[in-house]
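Student: This is the structure, below, for whatever I ask next.
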């Protein structure tokens, strides 16, 4: 079914492209939100992705890679938005956006975000894709265009740095 939609979208069928996007809309939004930590920016990134997909769908070589290709486009858009923004700011309002949580839980989340934000951008990206979105190593490697060994190495180093940072925070 999806292969047929991709073929139709490649021929210029806007509705087929929209159906493909809607089929994975939650995954797209979650991916954008992991990068941008902001509802409005995430929705903007999705809009930008849709425009690019519409303009470039004819360049897609293998229809079975539509979703990984489109998610790579979304990741690149998010990276660009982050560069424009320069710094991710995680606020209490964002933490409370869709859930009621305790003050202690807010402090834990802020401590984790603080420590993650102190990692390199490549390490942040790998941690978020693996642990926020639950992607496997090969999907991360494919999306970021890096070897699986690099993904594993980044995760190992990042987790060690996070542990050290969080242990330092708990001693404060």
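Student: Quick test for you: out of 162, 129, pick the one residue that is crowded, with 17+ Cβ neighbours inside 10 Å, more than 16 Å from residue 72 (Cβ to Cβ), touching a residue at least 40 places away in the same chain (Cβ under 8 Å) and touching a helix residue (DSSP H, G or I) at 6+ places or on another chain (Cβ under 9 Å).
Tutor: Values: 129 fails: more than 16 Å from residue 72 (Cβ to Cβ).
162 is the lone residue from the list that is crowded, with 17+ Cβ neighbours inside 10 Å, more than 16 Å from residue 72 (Cβ to Cβ), touching a residue at least 40 places away in the same chain (Cβ under 8 Å) and touching a helix residue (DSSP H, G or I) at 6+ places or on another chain (Cβ under 9 Å).
Student: Restricting to segment 133-153, count the residues that are part of a helix (DSSP H, G or I) and either more than 14 Å from the chain's Cα centre (by Cα) or in the same structural domain as residue 26 (by TED's automatic domain parsing) (or both).
Tutor: The number of residues fulfilling the criteria is 8.
Student: Determine, yes or no, whether residue 104 is loosely packed, with under 12 Cβ neighbours inside 10 Å and either at pLDDT 50 or above or over 16 Å from residue 33 (Cα atoms) (or both). Outline the logic, then answer.
Tutor: On the way: loosely packed, with under 12 Cβ neighbours inside 10 Å: yes; either at pLDDT 50 or above or over 16 Å from residue 33 (Cα atoms) (or both): yes.
Yes: the conditions hold for residue 104.
Student: What residue, of 41, 26, 3, is farther than 18 Å from residue 142 by Cβ and touching a residue at least 60 places away in the same chain (Cβ under 8 Å)?
Tutor: Among 41, 26, 3, only 3 is farther than 18 Å from residue 142 by Cβ and touching a residue at least 60 places away in the same chain (Cβ under 8 Å).
Student: Out of 112, 73, I need the residue that is at pLDDT 90 or above and closer than 17 Å to residue 34 by Cβ. Which one?
Tutor: Sole residue among the options that is at pLDDT 90 or above and closer than 17 Å to residue 34 by Cβ: 73.
The values are calculated or read from the model by the stated rules, or taken from the named source; none is laboratory data. Note that this is a predicted model, so its numbers are computed, not measured. Cβ sites come from the backbone with ideal geometry, for glycine too, and all protein chains shown count toward neighbours.
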